[in-house]
Amino acid sequence: MMSLFPQMESPGVALMLWVLACLSGPSTGFPNGKVTEACKTMMPLHGHSLPQRFPKHTVEVNVTEFKPGDHVKVSLSGPAFEGFFLQAHSAENLEGPAIGSFALADRKRSQVLTCGRVKNSAVSHTSKSKKSHLDAYWIAPRDAPKRIQFLVTVVEKFRVFWVKIPGPTISQPNTPTLATPVVTEVTVGTSPPISHLTQPFSALDCGSNKFCVRNPSDCDPGARDCFFLSFKRDHVDLIVVEMSGPSDGYIAFALSHDQWMGGGDVAYLCISDSHHVDIKTASLTGRAYPEFDSEPALDEMSWRLADGLIQCSFRRRIHFPALQGRFNLDANYYIFMADGEVSEGGMIHKHYRQPLITDGKFNVTGPAKDIGGSRSPLLIKIHGALMFVAWMTTVSIGVIVARFFKPVWSNSLLFGEEIWFQVHRALMVMTVLLTGASSILPFLYRGGWSDQAGFHPYLGCTVMALAIFQPIMAGFRPPPQAPRREIFNWLHWSTGTTARILAVVVIFLGMDLPALNLPDPWDTYTMMGFVAWHVGTDVLLEIHGYCLIHKVQVLEDDRIQILQSITTAEAQGHTFKKTVLFIYISGNVAFLITFLTAIVKV
């Protein structure tokens, strides 16, 4: 009889240990707050170098004046955050060394650090536990400058942080106030006038008088989570475009003849920089930086920054001469929407998540529609769904059946073979088929190998190879009494266990890739819940089997009692195992439905 996946000692403990080893690497650069390397720049050393703009957190002090030796209470508050780094600097030289020292108000959640030659000149977190308020006391030195300003870096989570959030300025008594800088207004003659919007856009005319793209579908353009794009014909050859979305940097839409950005596609961007929005057009070629047009050829441009949203509006002609290199709008295009970060000076950075793409080509000047889109291509969704079915359901159930249900169904045959083996083999064959079909889809989508997906494709191909190797190896399994049978058993078990562990790691890596990008951190915690569910079931059945063996005591002086004990214990044990299997399958299906629902919604 051929077996495709492991049946030997329970791999549950090995599975948990391997997964934890792969996932226990640092999720933040310094979860213990020992960040003296960041004393000068105050930049978290996460490898993610772009801080957020528009801070959410505030620094407050209990005085406006100080004298050397004073203790000034400094309070940091705002939405829940994991890490922080607080310093005091001369208000006239914020790039200079830290000034003064700190005393702690909460030694459990905060600690003092030494920056440069000044002891206790900074305060940071002690762990990545969530916090929303912290106090510390700044001690003014004898040689303190006349004015002090507090600066703080706040880490909300690994990729979301703010650097050098400016706090209040305090001064020594009788210090003259700073002169107010003179603001000079510069007018660029070639730029068209830009006005300010006074209220959010409306979706009331979507599908009747306006062509709209919304994500999530039917969302309110004034909501914090709504990406909105609309086109409304204003004249025979003019169209009004409205775009809004939640972003601290930029939002953009693009028109393309296919589902790949580049190849001369046209993009329209609203770029927020220093509390101002620039509305620009650009040509996109491959993965190169956009080529911005010197003259956007847009009219009546207006914008608004409010409630965490960027809103911009403009008019443009429907038809342009071919020499200008711009698309006419009365044709069918895929519509992309993207958002990303902006560094100082208005330089945009690549969108950090998959753009929203419409499901088909649309003519925005044609009949009014109200449509949505997806940030995950259909082939990638199917790829993820098939992998979840294979490695969360069929393989897990198949291994449990082979490991624990041989005695339960040992005397029942199905098509000439024992039932447990037929179930095991059917589930494992299905796993191989689902994995094989799923592995082809990313190559069809990308048109080849992807260098943008990190370790995911390499480990995925390794899992595919191991999955194919298992049934081939099983076809050459020696007879039960053959000397090489023990070697085969260990090789079969170790190959299958390795494939399952790597598959879980691959799923963890794939969930956060831009092409799928399931909600974070929900996806990680849910997948960890599934791993714990499987390992817990495995351990429970192992403990039950151990107890069952010790329950049946062989009484040499009463053969009838021996048989009765064995029969009763086996019957009870089989009933318990069947109950656990039913609950386990129900739980697996629940986890699977949860993930499939999330994939559909992406």
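The values are calculated or read from the model by the stated rules, or taken from the named source; none is laboratory data. Because the structure is a prediction, the values reported are computed rather than measured. Virtual Cβ from ideal backbone geometry, glycine too; neighbours counted across all protein chains shown. Side chains are part of the model used for accessible areas, which takes the heavy atoms of the whole protein and leaves out ligands, DNA and RNA. Shrake-Rupley method; radii C 1.70, N 1.55, O 1.52, S 1.80 Å.
Within the range 343-377, if we keep just the residues that are in a strand (DSSP E or B) and among the aliphatic types (A, V, I, L, M), the residue that is most open to solvent (accessible area, probe 1.4 Å) turns out to be M347.
Taken together, the residues in the range 435-476 that are touching a residue at least 24 places away in the same chain (Cβ under 8 Å) and within 24 Å of T495 (Cα to Cα) amount to 21. Of all residues in the range 580-593, those that are open to solvent by 60 Å² or more (accessible area, probe 1.4 Å) and under 11 Å from L540 (Cβ atoms) total 1. Annotation note: of L50, L113, L104, the sole residue that is among the aliphatic types (A, V, I, L, M) and touching a helix residue (DSSP H, G or I) at 6+ places or on another chain (Cβ under 9 Å) is L113.
Of everything in the range 450-477 that is small (G, A, S) and more than 23 Å from A426 (Cα to Cα), the residue that is most open to solvent (accessible area, probe 1.4 Å) is G454. Each residue in the range 378-408 was checked for being of a type in the set (A, V, I, L, M, F, W, C), more than 30 Å from the chain's Cα centre (by Cα) and either under 19 Å from H534 (Cα atoms) or surrounded by fewer than 18 Cβ atoms within 10 Å (Cβ to Cβ) (or both), and 6 pass. Restricted to the range 478-511, and to residues there that are of a type in the set (D, E, K, R) and surrounded by fewer than 17 Cβ atoms within 10 Å (Cβ to Cβ), the residue that is farthest from W522 (Cα to Cα) is R484. If the condition is being in a loop (DSSP other than H, G, I, E, B) and either of a type in the set (D, E) or under 18 Å from L298 (Cβ atoms) (or both), then the range 192-224 contributes P192, P193, L197, F201, D205, D218, D220. R375 falls short of the stated requirement of being within 25 Å of I583 (Cα to Cα) and charged (D, E, K, R). For R287, the conditions (1) open to solvent by 30 Å² or more (accessible area, probe 1.4 Å); (2) closer than 18 Å to I239 by Cβ; (3) among the charged types (D, E, K, R) all hold with the exception of (2). Mind checking which residues of the range 413-449 are open to solvent by 50 Å² or more (accessible area, probe 1.4 Å), small (G, A, S) and over 21 Å from G496 (Cα atoms)? Across the range 413-449, the qualifying residues are G416, G447.
Of the strands (runs of 3 or more DSSP E) contained entirely in the range 225-284, those carrying at least 1 residues that are closer than 21 Å to V602 by Cβ and open to solvent by less than 10 Å² (accessible area, probe 1.4 Å) fall at 227-235, 238-246, 250-256. Could you tell me how many of the residues in the range 247-261 are touching a residue at least 24 places away in the same chain (Cβ under 8 Å) and under 25 Å from the mean Cα position of the chain (by Cα)? Count: 10. Restricting attention to the range 285-304, the residues that are part of a loop (DSSP other than H, G, I, E, B), under 29 Å from the mean Cα position of the chain (by Cα) and of a type outside the set (A, V, I, L, M, F, W, C) add up to 5.
With respect to being without any contact (Cβ under 8 Å) to a residue 40 or more places away in the chain and either under 19 Å from N215 (Cβ atoms) or open to solvent by less than 30 Å² (accessible area, probe 1.4 Å) (or both), A331 falls outside the description.
The set of residues in the range 277-294 that are in contact (Cβ under 8 Å) with a residue 24 or more places away in the chain and touching a strand residue (DSSP E or B) at 6+ places or on another chain (Cβ under 9 Å) comprises V277, D278, I279, T281, S283, L284, P290.
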